[in-house]
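What follows is a set of notes on a single structure, which appears directly below.
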Amino acid sequence: MYVGILLLAAGESARYRAACGRHKLLERIEGEAMLARCYRIAVQSSLPVAVVLRPEPAALRRCVTGAQQIVLPSAGIGDSVAAGVRATSGWDGWLIMLADMPWLQPETLRQVAQALREHSRVRACWQGQPGHPVGFSRACYPQLATLAGETAARDLLKQDGVHLLATRDAGAVRDIDLPSAWLNKES
């Protein structure tokens, strides 16, 4: 089963920018931009990786040099998933990884990919709390390829049959939406 990672980086970082004037995916974590760090984590999983991003800022595209880049003008998460799935239609499954989760572990990505061998939809959890990545098998392709907007992908996870995969990875539930999230970054 050929499962790959769609690293979603097409969001506009609007709330973060409103709070501090900077794009969150360009913020530095231990010497590297958040997007570069998330891309490195994805690559370390040894799964294929494609990155979905907007045309601007160009600095984001430089963070993922060498990656398969899927560029689209829309920032909606549903649009990003659909574009990514269509561009990687040869894959048998997709892990949706958000580019603002810089503490996710490569092993968690591998575990979710493995679980797709037995389940059509898998969601990583930590201490009972649903998180990311989420995985979808080839059976979900028709729905994924036509998603649009902000909530469409979430709706797929509300349906019955989503396997919740317990992990030991607190990074599966830790994202950065606002600058205040950095206050607890080391915990």
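Observations
- Only Lys, Arg (+1) and Asp, Glu (-1) charged, at Cβ; the chain dipole about Cα centre in debye: 160
- Short-range pairs are left out: with C-alpha atoms under 8 Å and at least six residues apart, the relative contact order of the stretch 1-62 is 45 percent.
- Two-site FRET efficiency, residue 159 against residue 14, from Cβ-Cβ distance with R₀ of 22 Å, rounded to 0.05: 0.20
- Dipole of the chain, positive direction: furthest Cα of 147, 25, 125, with charges on the beta-carbon: 25
- Placing pseudo-labels 7 Å out from each Cα toward the beta carbon at residue 69 and residue 117 gives an inter-label distance of 3.5 nm.
- For the chain, the relative contact order is 26 percent, taking Cα pairs closer than 8 Å that sit 6 or more residues apart in sequence and dividing their mean separation by the residue count.
Throughout, read-outs are computed from the coordinates displayed, never taken from laboratory work. Since the model is a prediction, treat every value here as computed from it, not as a measurement. Glycine gets a Cβ as well: all are built from the backbone with ideal geometry, and neighbour counts include every protein chain shown.
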